[in-house]
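Laboratory data are not the source of any read-out in this text; all were calculated from the coordinates shown. Since the model is a prediction, treat every value here as computed from it, not as a measurement. For neighbour counting, all protein chains shown are included, and Cβ atoms are generated from backbone atoms with ideal geometry for every residue, glycine included.
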Amino acid sequence: MSLRWSWTPLIAFACASSTPPTATPPTAAPPVTSGALPSADVVPQASVVVLVRHGEKTGNEPDAGLSDLGRARAQCLANMLVDAGVRVTLSSEMARTRDTVEPTATRAAVAVEAIAAADQAAWLHRMRHLPPGTVALAAAHSNTLPPLIWELSGREVKIGHDDYDRMFIITMVGERASNLLTLRYCQTAPPR
């Protein structure tokens, strides 16, 4: 059995108004009153940043590559995001982060953009200045993801030494995060 994943429910949920849909669309737009959401033509289009830690690595050397399990996780990630509309892929200068996003980049026919792992300002600038409507995938490290997520969303996250299956989806409206969704993906071992 093959599982397919779609961004449509996530984006629809993130952008939905509190009013439930009606069976038939209204013939005229209701007037905007105090407290109502503005019309769609004045709401900026959100961009979505999907942040993951690199896949499992071969060892502890500074530029360790992906193990067979890490390569399988990278392929699983690409399968999961195949219909997500990824247009930007970001990685650090380390092979393991590049190799984590490479299958997704190949399917999306986009280049992998490398940003130095230690250059938090460059990471933040790139993610905060995505064109509206862009979906980006970024792979970083267990020690660099938490500060990035904090700066983007104001939420503290912890990533354990053996946590390779965490996914953080941040909806960005302009330079501000409007939502953070934390998931586990492509689990290769029983949940702890």
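Quick check: pseudo-label points 7 Å beyond the Cα along Cα→Cβ at LYS158 and VAL173, how many nm apart are they?
3.2
With N set to the residue count of the range 52-184, report its C-alpha Rg divided by 2.2 N^0.38 Å to two decimal places.
Expressed relative to 2.2 N^0.38 Å, the Cα Rg reads 0.97.
In what sequence, highest mean first, do 154-161, 117-124, 170-177, 71-78 appear when ranked by Cβ atoms within 10 angstrom?
Ranking, from highest mean packing down: 71-78, 170-177, 117-124, 154-161.
Starting from 0.36 nm per residue, how many nanometres of slack lie between ASP119 and ASP68 once their C-alpha separation is accounted for?
Between ASP119 and ASP68, full extension yields 15.5 nm more.
What's the ranking of 84-93, 46-55 by average number of surrounding C-beta atoms within 10 Å, highest first?
Order by mean packing, descending: 46-55, 84-93.
Quickly work out the THR182-to-TRP150 label distance, labels modelled 7 Å from Cα along the C-beta direction, and quote it in nm with one decimal.
1.4
Just to be sure I understand the curve: with the Debye formula and one point per C-alpha of the range 39-101, what is log10 I(q)/I(0) at q = 0.14, 0.20 Å⁻¹?
These q points yield log10 I(q)/I(0) values of -0.48, -0.78.
Relative contact order for the range 52-184 using alpha-carbon pairs under 8 Å, separation at least 6, rounded to a whole percent?
Reported as a whole number, the value is 25 percent.
Can you compute the modelled spin-label distance between ASN143 and ARG107, with each label point 7 Å from Cα toward Cβ, in nm?
3.2
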